[in-house]
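Right, one structure below, let's go through it.
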Amino acid sequence: MPLLRWTRGLITAACLVTLGVGATAAAHATLVIGNLSVVPDPPVPGAPLEVTLRLEDTLLVPVEKAHVRIELRVVDPAAGSGAVPASAIGSDASEFLASDPRVASARFSETAVKGVYFGQVVAPETGAYTLSVRDTTFLNEEAIANVELAVGGAVNGAIAFVLPPTPIAPKSLSTWLIWLVGIPLLAGIITTVLVLRRPPPSEQVDEGHTP
């Protein structure tokens, strides 16, 4: 009975760990709702510009431990209403990302408020820019949200954006499969070895009656 309880405990623990790994992987594929604000607003060309991001999931739960930064690229006036590219994942925006940004920040710092991130850049010259919020939390793919930011013009106010969902990382999926298949298999092997090493019941009875 102790052996049976021990085996059940190991399998239960494996299942719980597997579910935990799967939940983390599933979180990779969700939308992230964002809100961006700058200080000063409007930005002053050549002056420090403070940028604050607020990230939440679709249930409005703050997104923590994200790796986010921003980039600014000049908007082409001739592009018209489609001047700012649609938000996308990195693999679908290779041509856009190949163009050098006018301004690029370092990774934003997470503040004491959950889901709120802070960074600073130097504002470029007066004009309209595509501000790209780049989420590189997961190694397999990044999410990019593009919005328009005016420098030296009108007040921008709070800018809403959405980071698109990214596919589950192959690395995370393989890890999940290892936990799913490997741990129960290991538990079965250990149980088999322990059972085979136990003496037959007849020998246990004989040993118990040995004078």
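The values are calculated or read from the model by the stated rules, or taken from the named source; none is laboratory data. Quick caveat, the model's predicted, so the values are computed rather than measured. Don't worry about glycine lacking a Cβ; one is built from the backbone with ideal geometry, like all the others, and counts go over all protein chains shown. These accessible areas exclude ligands, DNA and RNA; they are computed on the full protein's heavy atoms, side chains included. Shrake-Rupley method; radii C 1.70, N 1.55, O 1.52, S 1.80 Å.
Only one residue in T137, T130 is open to solvent by less than 50 Å² (accessible area, probe 1.4 Å) and within 19 Å of the chain's Cα centre (by Cα), so which one is that? Walk me through it before giving the result.
On the way: T130 fails: within 19 Å of the chain's Cα centre (by Cα).
Of the residues listed, the single one that is open to solvent by less than 50 Å² (accessible area, probe 1.4 Å) and within 19 Å of the chain's Cα centre (by Cα) is T137.
Taking segment 86-117, which residues are over 21 Å from E148 (Cβ atoms) and open to solvent by 20 Å² or more (accessible area, probe 1.4 Å)? Scanning segment 86-117 gives S91, S94, A106, R107, S109, E110, T111, A112, V113, K114.
The residue that is modelled with the highest pLDDT, counting only those in segment 116-156 that are closer than 20 Å to S87 by Cα and assigned to a loop (DSSP other than H, G, I, E, B), is N156. Inspect segment 71-81 for any residue being charged (D, E, K, R), touching a strand residue (DSSP E or B) at 6+ places or on another chain (Cβ under 9 Å), open to solvent by less than 50 Å² (accessible area, probe 1.4 Å) and not in a loop (DSSP other than H, G, I, E, B) and give the result as yes or no. Yes: one or more hits. Within the bounds of segment 107-114, is there any residue that is touching a helix residue (DSSP H, G or I) at 6+ places or on another chain (Cβ under 7 Å) and either outside any strand (DSSP E or B) or under 15 Å from L31 (Cα atoms) (or both)? Looking through segment 107-114, none of the residues is touching a helix residue (DSSP H, G or I) at 6+ places or on another chain (Cβ under 7 Å) and either outside any strand (DSSP E or B) or under 15 Å from L31 (Cα atoms) (or both).
Considering only residues that are touching a strand residue (DSSP E or B) at 6+ places or on another chain (Cβ under 7 Å) and loosely packed, with under 14 Cβ neighbours inside 10 Å, look in segment 35-46 and name the one that is nearest to E148 (Cα to Cα). Can you show your working first?
Start the filter on segment 35-46 by keeping residues that are touching a strand residue (DSSP E or B) at 6+ places or on another chain (Cβ under 7 Å), which leaves 35-39, 42-43, 45-46.
Now restrict to residues that are loosely packed, with under 14 Cβ neighbours inside 10 Å: 39, 46.
On the way: V39: 16, G46: 18 Å.
Checking each candidate, the answer is V39.
Taking the conditions exactly as written (surrounded by 16 or more Cβ atoms within 10 Å (Cβ to Cβ), small (G, A, S) and either under 17 Å from S37 (Cα atoms) or in contact (Cβ under 8 Å) with a residue 12 or more places away in the chain (or both)), does A145 satisfy them or not? In short, yes.
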